[in-house]
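Undergrad: Submitted below is the structure of interest, expressed as C-alpha cells.
The values are calculated or read from the model by the stated rules, or taken from the named source; none is laboratory data. None of these values were measured; they are calculated from a predicted model. As a convention, Cβ positions derive from the backbone with ideal geometry for all residues, glycine included, and neighbour counts pool all protein chains shown. Accessible surface areas use protein heavy atoms only, side chains included; no ligands, DNA or RNA. Shrake-Rupley method; radii C 1.70, N 1.55, O 1.52, S 1.80 Å.
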Amino acid sequence: MATRTRRSQRRTEALSRERIVEAAIELLDAAGESGLTFRSLTERLATGPGAIYWHVANKGELLGAATDAVVAAALAAEPAASAKSPEPAGPAGPAESPEAPESAGPAESAETAGPAESPEAAGPAESAGPAEAAGPAESAESPEAAESPEAAGPAVSAGSPQDGIRAIALGLFDAIEEHPWLASQLMTQLSHSLWETVAPRIFESVGRQIRALGVPESSWFAATSALMHYILGAAGQNATNAASARTLGPEVDRARFLDAASTAWEQLDPDDYPFTRAVAGQLRGHDDREQFLAGVDLILSGITASLPAR
C-alpha cells in the first residue's frame, strides 16, 4: 500500500496542472479548439485520462485555465520599447492626439498625472468593475492563481501610467496574435464568466494605471472599460484578419491584399464615399501595431484631457 501511494504521488508531481495546461495551449495553437480533446491530450502527455481528470474536470475548465495562463503571462511581460512614450511635452498639459493613421505610432503624449504610483503601491482597484462586482476570483481554472495583488498587473514599475497602459495593450495584442484561439475564448469568458479570473485580471491591470493617472474615482469604471473593450476588440479583429489572410494562400501576401483593398476604395463612388476615398491611400501599407497603439493613445488623450486641472 505504501509503495502504491508513493508511486501515485510521483505520478501526480510529474503530471502537474501546469504541465497539462501547457500541453493544452500547444494543442490549441496547433489545431484550434476543435483539436483540443482529452484523447489528444493524453497522447501528448503519454498518460491516461484518469491522471488528467485528477487536475481538470472537463474541457471547459481546461480552456479557461489555458486562457488565464496566456493572459497572465501577457500581463506579466516586460514592457516593450515600442510601448514607451516619446519625450513628454510637459508636466501638466493634456496629452496630444496621435498622428494620422499613415504615420501612426505611439502618441507623443504629455504626462498629466504627476508622479506615477507603481502598481504595487496602488493596491487593488476600488472601482465597481467586474472584479469587485463578482466577488473574489477563486476559479480553479487558473494555473497561476494571483497570490498577491501584484500578480494581477504587468511588470511595470517605472515610467508613466500611459506607458503602463501601452505595455498592457501590446502584451495582450501580441498574445492574441500569437494564439489565434485566444480572442474567441476571451469573448466567451467576458460575456459568460465575469466572475472568473480572466476579466478581473485584465480589469485590475488597466484600472491601476487609470487610478495612477489621477482619474476621479467616479470615472474609473468608464475609463477602464473603454480601454479594455478597445484593446480586446481591436486585438481580436487583428487576429481575425491574420487568420483570414492565411486562408487566402501563400500567393496572396498582406501587401498585395491591402493594395487591392485600397485600390477598390479609391474607385468607390465619390458622392457616396468621399471620406473613404480620401483615406484609401492610408490603408495601403499601414502597420497594424502602430495603428493599434494610435487608438490606445487617442483614448488616453481623451482621458487625460478631461482630468481636473492641477
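Undergrad: Largest first, how would Phe38, Phe257 line up by accessible area (1.4 Å probe)?
TA: Phe257, Phe38
Undergrad: Sort 261-270, 59-68, 228-237 by packing, meaning the average of other beta carbons within 10 Å per residue, with the highest value first.
TA: The densest-packed peptide leads the list: 59-68, 228-237, 261-270.
Undergrad: How do Ser244, Ser191 rank by accessible surface area computed with a 1.4 Å probe, from largest to smallest?
TA: Descending order: Ser191, Ser244.
Undergrad: How high is the relative contact order of the range 158-289, in percent, with contacts defined as C-alpha pairs under 8 Å that are six or more residues apart?
TA: On the way: 90 pairs, mean separation 31.2, N = 132.
The normalised contact order for the range 158-289 reaches 24 percent.
Undergrad: Please give the charge dipole size of the range 165-244, origin at the Cα centre, charges +1 on K and R Cβ atoms and -1 on D and E Cβ atoms. Round to the nearest 20 debye.
TA: So the dipole magnitude of the range 165-244 works out to roughly 200 debye.
Undergrad: Using a probe radius of 1.4 Å on heavy atoms only, what accessible surface per residue do you get for the range 167-207? Whole Å² is fine.
TA: That works out to 32 Å² per residue.
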